[in-house]
Every structure is written in structure tokens, then in C-alpha cells.
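Report on the following structure.
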Ligand SMILES: Cc1cc2nc3c(=O)[nH]c(=O)nc-3n(C[C@H](O)[C@H](O)[C@H](O)COP(=O)(O)O)c2cc1C
């Protein structure tokens, strides 16, 4: 009898301390993010989440986010899905890029700061302190999504390609960013998270905050991810 009561208490404790097992979510790892000048992300696991087929069935845009933050492991998965290195020999990424120029950089707007994703180091490097999520879009939900990703293109990546007209550069960079975003949409669908790709943002204010030259950089796309 005593054994049964100990067993019941243990089961109750386990049920209360583990995260709700949303499909695809990994209840075993949920490290709280510690904000600082640099956040070293844990290596993304080589297996996890739903199958790619299941994720495709679940992929859908969401615009109703709770205030619950992403864990360090989820942040790692999101950043890596967007534009992480998956071939270390030549630093090629999880997303394709026209001419393999990789002109798009991923910025993560988090409750504790704005970070640039350093893909080879798989780390987040702080570029601005404070919560600037509201700046990443025109819709109110962007202020409470756990992470707003902003994809910024650098025209300089095309410097050696004078034959490509400026408008086509803009188009190709947008296509690159769409690949980044869709990778995250599928990661989110496969890991019990919500997401939405976003095409509108106050570009000049974003570039000013990030300290980027508008003659060289431009807003390509954004995405919100959370619960
Ligand atoms: C390039 C692009 C830009 C988008 N921009 C926005 C946006 O600014 N705001 C938004 O709420 N949804 C945006 N969406 C999401 C679409 O509205 C959404 O994909 C569409 O309604 C279809 O719904 P589904 O994604 O659930 O299939 C965008 C999607 C794409 C591909």
C-alpha cells in the first residue's frame, strides 16, 4: 500500500514538472535562455520532431502566440533550420542560396535582446539590448511571439556579379529568405511550435536599429515563431 502511494506521488510529480507533450515537442530538454552578449546554442540533435511528411501535413500559418518563450534547444533548432551549417567542409547551409552566395543574415528578436545568428559558430551575437520584437512587423502579434526572425540581405554578396540587375538581386535574395523561412515553418510544425512567414516590416527603422547601411542592406522577409 505504502509502495503504491509512493508510486502515485512520483507519477504526479513527473506529470507536473514535465512540459505538456505537444506533438513533436521534446519534453526532455527545456533549458531556459540566459541572455548575454553571446548565446552559445547547443548542437541541434541529428534526429527529432515529427517526420518531414507529418510536418508538411501540419504546416500552417499561426498568428496567435502566447508569451511562453522558446527554450535554448528550440532556439537552437529554429536558428539552425533557418540557415544553419549542415556541411561543415564548406559552411553550406540548411537552406539553398542562388549562386551559393548566401547574402541573407538571420536576426533573432527575442524578449531579452536582438541577436545576429553566427551560423559557423552556431551562436547568437547580440546587436541590440532590450525587447524590440514590436519593430519587426506591422501586426500586433509580433510583439508577443517568442521569437521574430528578420532576414536581411546584403547586396555586397553580389558585388562580383555586375551582370545581375539590382532588381533581380532583390528577387533572388527574397527567394533565399523564403527558403530560410520555410525551413523554420517546417521545423516549427515538426516540433510543436507555431509560426508565420511575414513580408512586411518597417525596413528603415529595422536597419537603423541593426546599424546597417540602407544603401547596402535591405529587408528580405520575416517570420514569427512561438507557442
Ligand atoms: C512571402 C510571404 C509573405 C507573407 N506575409 C505575411 C504577413 O506580412 N503577415 C501575415 O500575417 N501573414 C503573412 N504571410 C502568410 C500568408 O498570409 C499565409 O501563408 C496564407 O494566408 C496561407 O495560409 P497558410 O500559410 O496557413 O497556408 C506571408 C506568406 C508569405 C509566403
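Derivation of every value follows stated rules applied to the coordinates shown; laboratory data play no part. Worth saying up front: this structure is predicted, and the values here are computed from it rather than measured. In this analysis, Cβ positions are derived from the backbone assuming ideal geometry, glycine residues included, and neighbour counts consider all displayed protein chains.
For the reader, a short list of remarks on this structure follows.
- Once the Cα atoms are used to define both axes, helix 166-190 deviates from the longest principal axis of the chain by about 10 degrees.
- Nitroxide proxy distance, nm - points 7 Å out along Cα→Cβ at residue 213 and residue 121: 2.3
- Value at 222 nm in deg cm²/dmol, rounded to 500, when DSSP H runs of n ≥ 4 in the chain each add -39,500 (n - 2.57): -9500 deg cm²/dmol
- Relative to the longest principal axis of the Cα atoms of the chain, the long axis of helix 2-17 makes an angle of roughly 20 degrees.
- Acute angle (nearest 10 degrees) that the helix 72-83 long axis makes with the longest principal axis of the chain, alpha-carbon atoms: 30
- Calculated FRET value between residue 129 and residue 46, using beta carbons and R₀ = 41 Å, to 0.05: 0.75
- If you take the Cα centroid of the range 200-227 and the Cα centroid of the range 143-190, the two points sit 11 Å apart.
- Cubic angstrom per residue, convex hull over Cα atoms of the range 94-227: 104
- Cα convex hull of the range 2-226, projected area averaged across orientations, nm²: 14.4
- Annotation: for a label point projected 7 angstrom from Cα along Cα→Cβ of residue 100, residues of the range 151-169 with backbone N closer than 18 Å are 157-161.
- Distance between modelled label sites at residue 168 and residue 200, nm, 7 Å Cα→Cβ extension: 3.0
- Residue 31/residue 91 FRET efficiency (R0 45 Å; Cβ-Cβ; nearest 0.05): 0.95
- Ordering of 163-172, 192-201 by packing is 192-201, 163-172, highest average first (other Cβ atoms within 10 Å, averaged per residue).
- Packing rank of 178-185, 218-225, where each peptide gets the mean count of other beta carbons within 10 Å, highest leading: 218-225, 178-185
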